[in-house]
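Data block below; observations after.
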Amino acid sequence: MAEHNGEIKRNLKTRHVSMIALGGSIGTGLFVASGATVAQAGPFGAIVAYLAIGVMVYFLMTSLGEMATYSPTSGSFSDYAGKYVDPALGFAMGWNYWFNWAITLAVDIVAVGLVSKFWFPHTPAWIFSAVALIFIFLINLFSVGAFGEAEFWLSMIKVITIIAFLIVGVATIFGVIHSDVNVMKNLSVGNHGFVGGPQAVLSVFVVAGFSFQGTELIGITAGEAQDPDKSVPKAINQVFWRILLFYILAIFVISALVYYQDPRLLSSSTENVAVSPFTIVFKNAGIAFAASLMNAVILTSIVSSANSGSYASTRMLYAMARKGEAPKIFAKVSTRGVPVFALLLTTVIGLLAFISNTKGGSVAYTWLVNASGLTGFIAWVGIAISHYRFRRAYVAQGKDLNALKYKAKWFPFGPLFALVISIGVIIGQDPGSFTHLNWEKIAVTYLSVPLFVILYFGYKIRYKTKMIKLEAVDLKQHR
């Protein structure tokens, strides 16, 4: 496939963008971790936490949507941070986000092998990981349209599963499907459905935050959307209501049908799908193949996440190379508009999955995973700051707000609320490690924060950048 210095192609349809945005917010966090949140905070404690994070994500997406429709680019919030705040912030956010998704790709490839052993316990896990990595590489190599189509159908499987789960769950709650479950008792546990007090709710904030990681992908897809003015706002408006429908109703059904102290809720993991809250509800409804069904859905979710990770990190590296913040070779695209060398480097990082099976490599792999742990939240902080600065610069330069094709609601409350919650989630990862000054736990949990700071100040010191004055902010539209 010939390479050349050219442009990526706008081949993502509106349905692709909408489903990528939705698929980004539905993953193993819902299918696996949701049960543990009910066990931690009780039925309504978990719902309150997910609702609060869902509202925050909505504001964050409207902030990103306003910038993405004004100036759609694959560099997304990295470009916006560099143009509206400080070039050093854009540089640090770009490399931070590339690293996040490249490592996520490696993590997901490992998970594919673990989940596949449910059906093939005697086959080496690395074989399934290798097949998944090759599959994802080829999809992303072919064209952005191929990526969009694959992600559309992978996300559709998740959506259909959740809808089926809600139908079965509601039918069980109302006695259409026979069950001995005491729904009112399950929902009223603890203090009227709250368990563990405010601290338990705050701990679920962290889990809920990780569950919604990936919704910001919509900003990157804007750079290759056929009609970003139409598709981006539509996708953003759908995300909030579907998050409410899928997460809040799913947690309500789990809380009503599974007692919060059921030990299976805390045992659920991608390697132990038999105790996924979804599996439990399906099994209790008499669906004999529930475990196998949910294992297939979880496998689909992981492949979808890896596919999105490969796409997002490739496009971010391409955008940085175009700005001179990464080697120029990564700006080269194929005749199909795919940044081939950026994709190759990202896939090489995905190969780290295989060193996790070696004695020394597993330690290095664990540290790399820890290093990427909070990078998604750092990206959210950057989006909120960038939008706050964009809107203030827009007004300061005398531009008409009514001319914006998409206008984020409740400014400045929206970005400021998202900023405060995102910082709170970052700090709340493991506050106990600071209380006891456990430096090893602090390093493991918060490693991505100093890495980001080093990138930011390293660039700032070298190029002597300063925060851009509002009147000097570059508001030229990238089309």
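The values are calculated or read from the model by the stated rules, or taken from the named source; none is laboratory data. If you're wondering where the values come from, they're calculated on a predicted model, not measured in any experiment. No Cβ is skipped: glycine too gets one built from the backbone with ideal geometry, and neighbour counts run over all protein chains shown. Please note that ligands, DNA and RNA were not included when accessible areas were found on the heavy atoms of the full protein model with its side chains. Shrake-Rupley method; radii C 1.70, N 1.55, O 1.52, S 1.80 Å.
Quick look at the values:
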| read-out | value |
| --- | --- |
| Pair list, Cβ under 9 Å, 6 or more apart: the range 140-152 residue free of Cβ contacts under 8 Å to residues at least 40 places away in the same chain, other residue in a helix (DSSP H, G or I) and open to solvent by 10 Å² or more (accessible area, probe 1.4 Å) | 146/138; 146/139 |
| Scan of the range 135-155 for residues that are polar (S, T, N, Q) and modelled with pLDDT under 90, ordered by number | 143, 155 |
| Residues that are among the aliphatic types (A, V, I, L, M) and open to solvent by 10 Å² or more (accessible area, probe 1.4 Å), drawn from the range 204-220 | 206, 207 |
| Residues satisfying the stated conditions in the range 155-203, i.e. part of a loop (DSSP other than H, G, I, E, B), surrounded by fewer than 20 Cβ atoms within 10 Å (Cβ to Cβ) and within 28 Å of the chain's Cα centre (by Cα) | 196 |
| Some residue of the range 82-89 being touching a Phe, Trp or Tyr at 6+ places or on another chain (Cβ under 9 Å), under 20 Å from residue 228 (Cβ atoms), at pLDDT 90 or above and open to solvent by 10 Å² or more (accessible area, probe 1.4 Å) | yes |
| Meets criteria (crowded, with 21+ Cβ neighbours inside 10 Å and in contact with a Gly (Cβ under 9 Å, 6 or more places away or on another chain)) for residue 144 | yes |
| Positions within the range 347-361 being modelled with pLDDT of 65 or more and surrounded by fewer than 12 Cβ atoms within 10 Å (Cβ to Cβ), in sequence order | 348, 358 |
| Close pairs (6 angstrom Cβ cut-off, 6 or more residues apart or separate chains): on the phi > 0 side of the Ramachandran plot in the range 97-122, open to solvent by less than 30 Å² (accessible area, probe 1.4 Å) and assigned to a helix (DSSP H, G or I) anywhere | none |
| Pair list, Cβ under 7 Å, 6 or more apart: the range 8-24 residue among the charged types (D, E, K, R), other residue in a loop (DSSP other than H, G, I, E, B) and open to solvent by 10 Å² or more (accessible area, probe 1.4 Å) | 10/226; 13/226 |
| Members of the range 61-92 that are under 16 Å from residue 394 (Cβ atoms) and among the β-branched types (Val, Ile, Thr) | 62, 69, 85 |
| Pair list, Cβ < 9 Å and 6+ apart or interchain, from the range 325-342 residues that are at positive phi to residues that are open to solvent by less than 30 Å² (accessible area, probe 1.4 Å) and in a loop (DSSP other than H, G, I, E, B) | 337/6; 337/8; 337/143 |
| 3 or more residues under 23 Å from residue 17 (Cα atoms) and open to solvent by 40 Å² or more (accessible area, probe 1.4 Å): qualifying helices (runs of 4 or more DSSP H) within the range 221-336 | 228-243 |
| Residue satisfying condition, being open to solvent by 10 Å² or more (accessible area, probe 1.4 Å), assigned to a helix (DSSP H, G or I) and of a type in the set (Phe, Trp, Tyr), within set 44, 31, 77 | 44 |
| Selection status of residue 57, hydrophobic (A, V, I, L, M, F, W, C), open to solvent by 10 Å² or more (accessible area, probe 1.4 Å) and in contact with a helix residue (DSSP H, G or I) (Cβ under 9 Å, 6 or more places away or on another chain) | no |
